[in-house]
Each structure stands twice: as C-alpha cells, then as structure tokens.
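Q: Have a look at this one before I ask anything.
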Amino acid sequence: MEIIIQENAERAARMTAKLIADAVREKPTLVLGLATGGTMEKVYEFLAEFHAKDSLDFSRVVTFNLDEYVGLPAEDPRSYRYYMEEHLFRHVNIKPENTHLPDGTASDLKSECQRYEELIKSSGGVDLQLLGVGRSGHIGFNEPLSALRSRTRATTLSPVTIEQNQIYFGESAMPSRAITVGVGTILESRRCLMLALGKQKAAVVAKALEGPISSMISASALQLHPHCTVIVDEEAAADLKEKEYYRLIFKTEPDWEAYR
Ligand code: GLP
C-alpha cells in the first residue's frame, strides 16, 4: 500500500485526477471503476478540465460505478447515475453506452447484481478502481459485516451512513438500501486508488490503513490489495501514526517524481 499525504484537499484531488488521466493515456481502453460522494466532485472537475484543455480522451474508456441506491431511477437528482452525468459524463467525450451503474430500480435485485458482476468480468475486469471511504468504514456501500470476499449485492445502509448522506435528501427520507459491488469484487481490480479528505475522515482512515483487517471496516480490506494507492489531505491524515515514514517514501521513491 502507498499512502500519500498532500497538504490540502485541492492538491490531493488533483493528484488523484492526474493518476487517472495517466492511466487513461497509457491505456485508452481503460476499464475505470468510479465512486461518488462529495470527495469525488473535485476529482471529476479536474478530469473535465484535463479533457477540455489537454484533450484527455475518454472515447474508448469504459466505466463501472461502485453503487446505486435501491429505488432511485436515473432521472432522480439524488441517484448516483444523475450525479455521474452531472459531475463527469456530460463534461467529457465518454460514450453513454460505455458507462455502467447498477440499476437500483430493477424488480429482481439479485439478477441485477449478477448481471453487473458478469458485465464487469466480460469487460475484462476493472483496471483502476477509484474509491472514497464512508465514516462507517465502507468502500462502495460495503457496510460493517460485509464479508471480505463479498460480491455485488443489495445491502442495508448503516445508521452512520444514513446520518452522513441524509444531507443529500433534505427533508425526505433517504433510501435504506443500495446495490454495491462487493469487497471481493473491488479487490479483484488491478489497481485501487482511494481518496479521503477532511478531518471527519481522520478516525476511519487511521482504522482502515493502520488498524487490523476487519469486515467491520471494509476499507481495511485494501491492505490485502497488491497495488493500492491512498491519497489523503493533512486533515484526513491527522490520526495516522506513521505519517513521517509515508512522507519519506513519497519524497524518495522515483515513481512519485511527477506527482510531488
Ligand atoms: C458514499 C458512497 C461511497 C463514497 C462514500 C464517501 O455514500 N457510497 O462510494 O465513497 O460514501 O462519501 P463522501 O465523499 O461524501 O464523504
């Protein structure tokens, strides 16, 4: 695992976007796993900017989002499909048919999850998986108790997640369930790239990166991944014990020269 501490949220989001852009340039047919949430908004803004100014080409990129709320159709402004259209898809030259999210309105959720897993597989698997982390420790919507080998399925959102995401639903009740790719599915991606920002993530970041691997904190499963890069800002890094060592690695390793 590589842990990179950037001085602020802007720089952390820019570096995340740069790593994605480099991956797209290296493999124009990249299969890219995408995440939603407030954290990713800036990353998508940078990607849209790289497309507009530096001709970053998404025409052959294929995307798979991690999750979608059960019961929300694509046209609902609170759905993740809507979020993705708003924040990324309509700003770049990605082909609509190459963008995938689970269908939260499917009448048979089990077959929908199966279909999604099979589609990822038949697309060659995810090359680069972008991840945020929820305060419950979730990646995607893999809430506490999610098996480390879990696959795409419908889950019940935890009280912590409902409290965290209720702001996007105002007065109305938010969905209590979501479809999420599994922890096991995420671990099969060739590379994982996690971004966490702000002091409200400090505790969960420390648990996920330096704590024991546990199904109670799904993000801790990333410790098992052979190529996982985690980017945090100073605030999200606040509770990490080995900060100085991570800084030294970033300063010393030649791989990071272009990103310092
Ligand atoms: C959301 C999504 C996750 C996201 C996480 C963090 O609910 N299901 O994919 O990474 O929670 O959200 P935020 O960036 O708003 O803190």
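Just so you know, all these numbers are worked out from the coordinates, no wet-lab data involved. These numbers were taken from a predicted model, which means no experiment stands behind them. Glycine also receives a Cβ, built like all others from the backbone with ideal geometry; neighbour counts cover every protein chain displayed.
Q: Regarding T105, is this residue surrounded by 14 or more Cβ atoms within 10 Å (Cβ to Cβ), under 30 Å from M15 (Cα atoms) and of a type in the set (V, I, T)?
A: So T105 fails the test.
Q: Looking at region 151-171, I want the residues that are of a type in the set (V, I, T) and have a partner that is assigned to a strand (DSSP E or B) and within 11 Å of the ligand (Cβ to nearest atom) with Cβ atoms under 8 Å, at least 6 apart or on another chain. Which pairs are those?
A: T152/I179; T152/T180; T155/A178; T155/I179; T155/T180
Q: Output the qualifying pairs, or none if there are none: Cβ atoms under 9 angstrom, residues six or more apart or on different chains, first residue in region 4-19 and assigned to a strand (DSSP E or B), second residue polar (S, T, N, Q).
A: If the second residue must be polar (S, T, N, Q), the pairs left are I4/T229.
Q: Please go through region 201-250 and pick out each residue that is in contact with a strand residue (DSSP E or B) (Cβ under 8 Å, 6 or more places away or on another chain), among the small types (G, A, S) and touching a residue at least 12 places away in the same chain (Cβ under 8 Å).
A: A208, A219, S220, A236, A237, listed by residue number.
Residues checked against (1) surrounded by fewer than 22 Cβ atoms within 10 Å (Cβ to Cβ); (2) more than 25 Å from L119 (Cβ to Cβ):
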{"site": "Q6", "(1), (2)": "no, yes"}
{"site": "A13", "(1), (2)": "no, yes"}
{"site": "A21", "(1), (2)": "yes, no"}
{"site": "E41", "(1), (2)": "yes, yes"}
{"site": "A48", "(1), (2)": "yes, yes"}
{"site": "D57", "(1), (2)": "yes, no"}
{"site": "N65", "(1), (2)": "no, no"}
{"site": "P73", "(1), (2)": "yes, no"}
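Q: Let me ask something else. Please find, among E75, E68, E85, the residue that is under 26 Å from I167 (Cα atoms) and within 16 Å of the ligand (Cβ to nearest atom).
A: The conditions single out E68.
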